Amino acid sequence: MLEGFLREHVGVDAVVGPELRSVAGVVTGMMDEADAVRVAAMRLRALLGDEMMAEEEGKDHAAGGGDAVGLVGEGRSGGTVHYILSRFYCKETFTATEADKRRWRPLPPGGKCGAVKPLVFHDGRLAFPPTPSAALAMYAYLPFGVAIAVSRIVALSLLPYRVMFLVGALTGVHYRLVAGRDAAAAKGGRGGGGRLYVCNHRTLLDPIVVATALGKPVTAVTYSLSRVSEMIAPIRTARLTRDREKDRRNMAALLARGDLVVCPEGTTCREGYLLRFSPLFAELGADVNPVALDTGVDMFHGTSTMPATKWMDPFYFMMNPKPSYRVEFLPRAPAAEDGGVGRGDSIRVANGVQRQIGEALGFELTGMTRKDKYMMLAGNEGVVAAAAPIKASN
């Protein structure tokens with residue numbers, strides 16, 4: 001379970017240790033130490049080569065086994081696994097005691113934690129360490145969480161915009177709205193067309209929260225959205241086809257009819273990073289209204305890469321006891337000087353909007369894309385096999 005993370009983000013060459021025992025494909029929670037001795041010995045031989053053979057023959061025992069580092073649990077000094085990972089084979093050995101575990105704290109974001117590669121993407125629903133007591137509390141809370149999630153989603157889908165935040169706050173959702181002068185002006189009339197709102201992507205609820213903050217309906221464009229999410233969405237949605245020129249024309253038509261919300265990252269990111277912004281929105285030739293979004297959860301993550309369960313993302317987010325949403329309207333960014341005709345100028349505008357949102361949130365900018373996320377977490381490019389043509393749905 002740890003090998004992929006340690007190789008990718010800590011920079012280790014190999015991981016040797018016991019595996020979790022499973023029965024009929026179900027993990028029991030017990031360690032398979034008998035098999036671990038044989039596997040550990042084989043992997044250490046492959047890793048250390050001649051150095052380990054010399055150790056086993058009794059040569060230069062005090063030198064330690066090459067560059068291997070051992071990490072063992074407290075109270076295992078008499079076990080065979082402890083022997084395999086002892087200083088007989090390892091250059092250094094660290095023991096994690098209960099006192100050490102009590103001092104553990106979450107790692108800081110970015111590269112500040114000393115990792116070789118920062119952890120940008122991760123999957124799974126749990127937002128807390130599943131200790132026995134925490135897991136028991138989660139199962140006890142689940143019936144209440146389902147009821148609260150349903151009530152919150154019903155309120156979000158049916159109630160007027162002006163009371164959504166109030167009802168959400170009464171059920172435990174914490175909203176924080178930071179509105180500038182541009183946001184106040186945006187609440188006025190549409191004039192000769194709609195406004196273009198560009199935001200980072202935290203959950204599927206992003207466009208709904210933006211519409212609620214504005215107090216007026218908007219249209220959201222997305223590459224893929226489940227039928228369930230479309231049905232419960234209180235705003236109009238439009239699917240993109242991944243045909244760049246066709247999508248640009250259709251987005252321009254939607255913008256001419258009303259306000260448009262775009263998430264140019266193309267996928268959600270849980271951590272404090274911004275993925276690369278697609279410059280498609282900058283090719284519309286309209287002024288850009290950047291919106292910085294941030295979320296907080298205490299029990300469940302409201303994002304997933306699993307297609308079969310992605311429709312449950314809003315339910316998981318709303319099942320949190322105290323979820324939070326922060327919405328900040330930033331100063332307007334000018335349109336591309338060439339009206340969106342030139343590719344280079346639209347990229348410059350997209351990068352500028354990404355930088356503006358990143359500075360407002362304190363997030364780190366990256367050049368990663370939706371494809372990078374899905375290749376890392378799901379082993380595919382995150383492309384829907386048959387994308388429906390762009391079509392506005394109420």
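The values are calculated or read from the model by the stated rules, or taken from the named source; none is laboratory data. Quantities reported herein were computed from a predicted structural model and do not represent experimental measurements. Because the Cβ atoms are built from the backbone with ideal geometry, glycine has one as well, and the counts that use them run over all protein chains shown.
So the values come out like this:
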read-out: Restricting the stretch 1-40 to residues that are loosely packed, with under 11 Cβ neighbours inside 10 Å and β-branched (Val, Ile, Thr), the residue that is modelled with the lowest pLDDT; value: 28
read-out: All positions within the stretch 362-373 that are in a helix (DSSP H, G or I) and surrounded by fewer than 18 Cβ atoms within 10 Å (Cβ to Cβ); value: 371
read-out: Residues satisfying the stated conditions in the stretch 253-267, i.e. within 15 Å of residue 357 (Cα to Cα) and not aliphatic (A, V, I, L, M); value: 263, 264, 265
read-out: Those residues of the stretch 122-164 which are surrounded by 12 or more Cβ atoms within 10 Å (Cβ to Cβ), farther than 18 Å from residue 317 by Cβ and touching a Ser or Thr at 6+ places or on another chain (Cβ under 9 Å), in sequence order; value: 161
read-out: Residue match in the stretch 194-206 (condition: at pLDDT 90 or above, within 20 Å of the chain's Cα centre (by Cα), closer than 23 Å to residue 162 by Cα and part of a helix (DSSP H, G or I)); value: yes
read-out: Any hit, the stretch 369-376, residues being among the hydrophobic types (A, V, I, L, M, F, W, C) and under 20 Å from residue 255 (Cβ atoms); value: no
read-out: Where residue 348 falls short, out of the listed (1) at pLDDT 90 or above; (2) of a type outside the set (A, V, I, L, M); (3) under 28 Å from residue 303 (Cα atoms); value: (3)
